[in-house]
Amino acid sequence: MATTEPGTEATSEAPAREKPARRPALSPSRAADFKQCPLLYRFRAVDRLPETPTKAQLRGTLVHSVLEKLFTLPQADRLPERAKDLLGPAWTELAEDRPEWTELFPEGDGKAEQVSAWLESAAELVDTYFGLEDPRTLAPEACELHVETELGSGVLLRGYIDRLDVAPTGEIRVVDYKTGTAPREIGEAKAMFQMKFYAVVLWRLRGTVPRQLKLMYLTDGQSLAYTPDEPELRRFERTLEAIWQAILKAGRTGDFRPNPSKLCGWCDHKARCPSFGGTPPEYPGWPEPDAGEESPLDRAD
């Protein structure tokens with residue numbers, strides 16, 4: 001017979017189960033943050049300081065949501081007008097989930113016009129997408145696919161893939177939508193870093209090296225495609241392991257150093273950065289359970 005400890009009362013309801021803690025992991029966005037600036041990584045992954053999104057970032061999130069929903073429609077219905085009809089409802093859904101995002105459109109007589117113009121700019125990106133491929137001819141295995149794997153070294157990799165296409169022959173294509181313009185050499189290398197990250201995860205999960213990594217840029221209608229091979233992914237895997245070891249070393253000591261660059265002009269945390277006379281908040285210690293989660297804004301760049 002069950003007994004009750006002194007000072008407690010028995011109840012008929014079982015205690016709610018706590019959600020299991022997720023181990024700290026490496027995502028493509030957080031890995032890129034650490035490579036760019038260890039202090040930026042700390043602000044985002046350890047301190048988890050809030051950042052104010054731009055309208056362009058929100059538009060990217062919205063377009064990603066619409067393209068995900070587009071592939072839930074019957075193939076014959078995947079037309080430009082149907083996709084653009086999804087924009088309004090998708091924005092309503094996003095705004096209900098993240099009401100703070102609506103603050104980018106100040107209250108007032110012109111708010112409706114601002115939102116309308118912003119939605120129209122998103123519609124232009126959707127039109128550009130249809131100029132790059134015909135979704136009626138595609139049957140993706142998955143959209144917004146969460147992937148996670150642990151490397152032999154113990155590094156946990158985690159991320160979201162915009163779209164995964166698998167041919168009847170088993171060949172894999174990883175597709176990522178970018179709502180900006182096709183980058184120059186440095187930006188292209190950063191974008192391919194993300195794609196190689198996904199390639200490593202899929203290779204370890206499925207035992208198959210993806211046949212193609214494809215980036216689709218929806219502002220200027222350009223595509224970049226790349227075919228990795230196994231030796232390259234082995235080398236990239238070692239790069240990820242080295243990044244994670246460097247993160248863990250910084251995590252133990254709290255020594256996340258700033259790395260000033262031209263990108264500092266777009267950083268939300270400049271006022272806290274020692275390189276610009278600021279002072280970071282007191283180091284809270286290495287985060288548990290998770291330092292690798294990506295936000296919808298990360299996935300919509």
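Computed from the coordinates by the stated procedures, all read-outs in this text should not be read as laboratory data. Predicted, not measured: the structure shown is a model, and the values here were computed from it. Positions of Cβ are generated from backbone atoms using ideal geometry, with glycine treated the same way; all protein chains shown enter the neighbour counts.
For the stretch 78-169, the alpha carbon convex hull comes to 148 Å³ per residue, rounded to a whole number. Note that the chain shows a convex hull volume over its alpha carbon atoms of 231 Å³ per residue. Measuring nothing but how far apart in sequence close Cα pairs (under 8 Å, 6+ apart) lie, relative to its length, the stretch 55-137 scores a relative contact order of 47 percent. Here the stretch 124-150 and the stretch 90-122 have alpha carbon centers that stand 25 Å from each other.
The label point for residue 235 and the one for residue 212, both projected 7 Å from the Cα toward the Cβ, are 2.4 nm apart. In this Cβ point-charge picture (+1 for Lys and Arg, -1 for Asp and Glu), the stretch 19-178 has a dipole of about 780 debye about its Cα centre.
Given a cut-off of 31 Å, name the pairs among 69/249; 196/262; 69/111 whose C-alpha atoms lie farther apart than that in the structure shown. Over 31 Å apart, Cα to Cα: 69/249.
Taking every alpha-carbon pair under 8 Å whose residues sit at least 6 apart, the stretch 174-234 reaches a relative contact order of 42 percent. Among the helices of the chain, those built from whole DSSP H runs whose Cα atoms reach 27 Å or more along their own axis and whose mean Kyte-Doolittle hydropathy is at least -1.0 are 111-132, 185-206, 230-253.
For the stretch 55-137, a crude dipole built from +1 on the beta carbon of Lys and Arg and -1 on the beta carbon of Asp and Glu, taken about the Cα centre, is about 240 debye to the nearest 20. Taking a ≥ b ≥ c as the square roots of the eigenvalues of the Cα gyration tensor, the stretch 23-92 is prolate, since a/c reaches 1.5 or more and a/b is larger than b/c.
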